[in-house]
Amino acid sequence: MHKIIALWAIPRSTSTAFEWMMRQRGDLDCLHEPFGEAWYQGEDPMWPRFRAGDRTTPGLTLESVWDDIQNRARKGPVFIKDFPHYINHMWDSEFLSHFTHAFLIRDPAKTITSMHAKWPDFDELEVGFPEQRALFDLLTALNGSPPPVLDSDDLLENPADMTRAFCEAVSIPFLEEALTWEAGGDPSAHSWWDGGSFHANLAQSTGLKPQVRKYVDLKDSPDRVRQVHRRMRPHYEHLYRHRIKLLQPA
């Protein structure tokens, strides 16, 4: 079995941009939220907003997804980007032992306002911060040391050095050329949700380039956004303390 790198993220965390960069490498079989597809659109959907008549896919289950990932890993190394809350009932030491784990976090003020803009009726069970923290803590306990954590703002501020540090942490070579690509790519071809409409900006991008760090003020946000943010913030801060930090010049 070859390496299976799992990047455990939360929604609206720039995770698809990172996944798109990993696809440019050419040495990994990259999968876009494979467990999420079954959670949302499998034959037995688990998402809390599911209603009769919503899209389902016969034969698609979390178990069939896991079988497919393992079959791919028998042929070569695999990279998946997914969300822990899709499979928290599957966590046990045997299952988790198959992955090289890493985490991507983002300030919940940014993720929750972005989710609310896309899905005003989002369910709190779709946000994912508590499950992300729970998986991080479980892996830390099982392995005796914390898995690597990449913060989205750090990544966007310094994509080359943060990606280099990530690659070192998961023991793969850093390929600087993967940080740039031609505009007009089609991330929607790898997305099962809504035709990939969330990825329009990514399709027009030309790479991961340094961006000035931005902050989100919640004072004018709806009450529900601020309430969810208050509940999610401690989980983010817990992982933030363990984030990859670049060494400062002496």
(request) Report the residue count in the range 92-138 for those that are within 15 Å of I4 (Cβ to Cβ) and either without any contact (Cβ under 8 Å) to a residue 40 or more places away in the chain or open to solvent by 10 Å² or more (accessible area, probe 1.4 Å) (or both). (result) 7
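Among the aliphatic types (A, V, I, L, M) and at pLDDT 90 or above: is that true of L142 in this structure? Even if it seems obvious, please write down each step before you answer.
Working: among the aliphatic types (A, V, I, L, M): yes; at pLDDT 90 or above: yes.
For L142, the condition - among the aliphatic types (A, V, I, L, M) and at pLDDT 90 or above - is met.
Residues are listed down the side, and each one gets a yes or a no for (1) among the hydrophobic types (A, V, I, L, M, F, W, C); (2) in a helix (DSSP H, G or I); (3) more than 18 Å from the chain's Cα centre (by Cα):
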residue	(1), (2), (3)
R213	no, no, yes
V216	yes, no, yes
S221	no, no, yes
R226	no, yes, yes
R230	no, yes, yes
R233	no, yes, no
Y236	no, yes, no
L239	yes, yes, no
K245	no, no, yes
(message) Please determine whether any residue of the range 68-76 is in contact (Cβ under 8 Å) with a residue 24 or more places away in the chain and buried (at least 23 other Cβ atoms within 10 Å of the Cβ).
(response) no
(message) Looking at the range 1-15 only, could you name the residues that are open to solvent by less than 20 Å² (accessible area, probe 1.4 Å) and either at pLDDT below 95 or more than 11 Å from the chain's Cα centre (by Cα) (or both)?
(response) I4, I5, P11, S13, S15
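The values are calculated or read from the model by the stated rules, or taken from the named source; none is laboratory data. Source: prediction; values computed, not measured. Using ideal geometry, Cβ is built from the backbone for each residue, glycine included, and neighbour counts are taken over all protein chains shown. What goes into the accessible areas is simple: the full protein's heavy atoms, side chains included, and nothing from ligands, DNA or RNA. Shrake-Rupley method; radii C 1.70, N 1.55, O 1.52, S 1.80 Å.
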